[in-house]
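Heads up: the structure comes next, in structure tokens.
Read-outs: derived from the displayed coordinates by stated rules, not from any lab. On a predicted model such as this, the values are computed, not experimentally measured, just so you know. Quick reminder, even Gly has a Cβ in these numbers, built from the backbone with ideal geometry, and neighbours come from all protein chains shown.
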There are 2 protein chains.
Amino acid sequence: MSDGSVANPVVISPEALLAHWQGHRRLTRRVIQAFPEDRLFTYSIGGMRSFGELAMEMISMALPFLRGAVTGEWESSMSREPRGRDEVLRLWDESTEQIDALWEKLPIERFQKTITAFGQFEGTTYDLLLYIIDNEIHHRGQGYVYLRSLGIEPPPFYERH
Amino acid sequence: MSDGSVANPVVISPEALLAHWQGHRRLTRRVIQAFPEDRLFTYSIGGMRSFGELAMEMISMALPFLRGAVTGEWESSMSREPRGRDEVLRLWDESTEQIDALWEKLPIERFQKTITAFGQFEGTTYDLLLYIIDNEIHHRGQGYVYLRSLGIEPPPFYERH
């Protein structure tokens with residue numbers, strides 16, 4: 001790690017932001033796995049969406065956002081319909097790999113650039129990306145409550161490896 | 001906003017990170033406010049902590065972390081005992097003001113520096129700070145479920161002003 005002696009100190013590097021994001025994604029994957037197959041798309045509290053629906057929302061946002069930020073092409077037609085847990089995990093892992101591969105194609109200059117994500121959300125790239133990460137953390141927190149209320153212990157919040 | 005033509009492009013500036021954090025803090029404040037006074041420290045699901053306890057944890061982490069990162073002095077003795085909602089909000093607002101004031105005393109070089117927060121959590125400053133923000137988002141998501149299950153509509157996730 002660099003320290004105070006570097007010439008151009010930064011809050012966070014692109015590589016570190018990717019590592020941070022993928023760490024969260026590993027944790028969310030564990031939460032998907034922790035749901036019993038028959039509860040993933042059926043269980044909810046207070047009229048909220050099931051964790052399966054939330055996971056499909058995350059999948060429909062993460063890679064499509066990064067792809068759009070890199071290429072300028074926005075794809076939001078992905079189906080969010082219920083499916084088996086293994087299929088959700090397969091889509092998740094596919095996204096994870098593609099995010100890793102695409103990340104290096106996002107030049108650092110892009111982070112401060114204003115874009116219109118999915119043709120409707122205008123903001124700076126870094127801010128929109130943080131929104132997507134935060135949205136995942138937010139809904140995953142919701143998933144923790146679902147799991148606890150099902151009597152299932154969720155994975156530790158601090159474990160990201 | 002800067003664009004691709006700047007000499008030293010960054011993912012996020014210190015000022016933008018503070019704005020991001022305080023935006024989340026404004027939303028969390030609204031969630032505290034949304035709880036009925038008599039439910040804040042008594043209501044929970046699945047054996048989890050009440051939202052009041054979670055809010056006190058957030059208060060005990062946010063400003064004390066920043067103060068420690070700036071001064072090297074770590075204070076973690078703050079009481080997390082139940083108290084009135086107005087008192088929680090007062091502590092919240094006090095922290096908000098002090099975070100704003102202290103932020104400019106955190107030199108950008110510090111973000112990449114490895115520190116030991118509260119005498120026990122070793123990590124780079126940026127990573128520990130992101131952990132604190134993420135922990136707030138995580139537990140606030142939990143608060144959203146509590147509110148929904150109480151029949152109360154939580155504030156919109158995207159409103160940070």
Residue separation times 0.36 nm, minus the C-alpha to C-alpha distance between B:R90 and B:S13: what's the value?
-> 24.8 nm
³J(HN,Hα) computed for each position of segment A:34-42 - Karplus, 6.51 cos²θ - 1.76 cosθ + 1.60, integer Hz, glycine/proline x | 6, 6, x, 3, 7, 10, 4, 10, 10
Inter-copy distances for B:P82, nm, shortest first, label points 7 Å along Cα→Cβ, are 3.8
Which whole-number percentage describes the relative contact order of segment A:55-119, with Cα contacts under 8 Å and a sequence gap of 6 or more?
-> 47 percent
Got a sec? How would A:S60, A:S79 order by Cβ neighbour count within 10 Å, fewest to most?
-> A:S79, A:S60
Solvent-free Debye scattering, log10 I(q)/I(0), computed from the Cα coordinates of segment B:29-161 at q = 0.22 Å⁻¹ | -1.33
With +1 on each Lys and Arg Cβ and -1 on each Asp and Glu Cβ, how big is the dipole of the protein assembly as shown about its Cα centre, in debye rounded to the nearest 20?
-> 520 debye
Would you list which lysines come within 26 Å of B:K113, measuring only between C-alpha atoms, while excluding same-chain residues fewer than 8 positions from it?
-> B:K105
With a cut-off of at most 12 other beta carbons within 10 Å, and DSSP calling the residue loop, which GluC sites (Glu not before Pro) in segment B:34-128 qualify? Please list them.
-> B:E37, B:E73, B:E104
Hey, what angle do you get for helix B:125-149 against the long axis of chain B, alpha-carbon based, 0 to 90 degrees rounded to 10?
-> 20 degrees
Roughly how crowded by other chains is peptide A:149-160, in terms of the mean Cβ count from those chains within 10 Å of each of its Cβ atoms?
-> 2
Could you name the residue in chain A with the C-beta closest to the rotation axis that superposes chain A on chain B, along with the separation in whole Å?
-> A:G141, 1
Using 19 Å as the cut-off for backbone N distance, which residues of segment A:33-59 belong to the label zone defined by a point 7 Å from the Cα of A:S77 along Cα→Cβ?
-> A:57, A:59
For segment A:150-161, in residue order, the Karplus 3J(HN,Hα) values (coefficients 6.51, -1.76, 1.60; θ = phi - 60°; whole Hz; Gly and Pro = x) are 8, x, 10, 7, x, x, x, 4, 7, 8, 10, 8
How many angstrom separate the Cα center of segment A:13-77 from the Cα center of segment B:1-74?
-> 22 Å
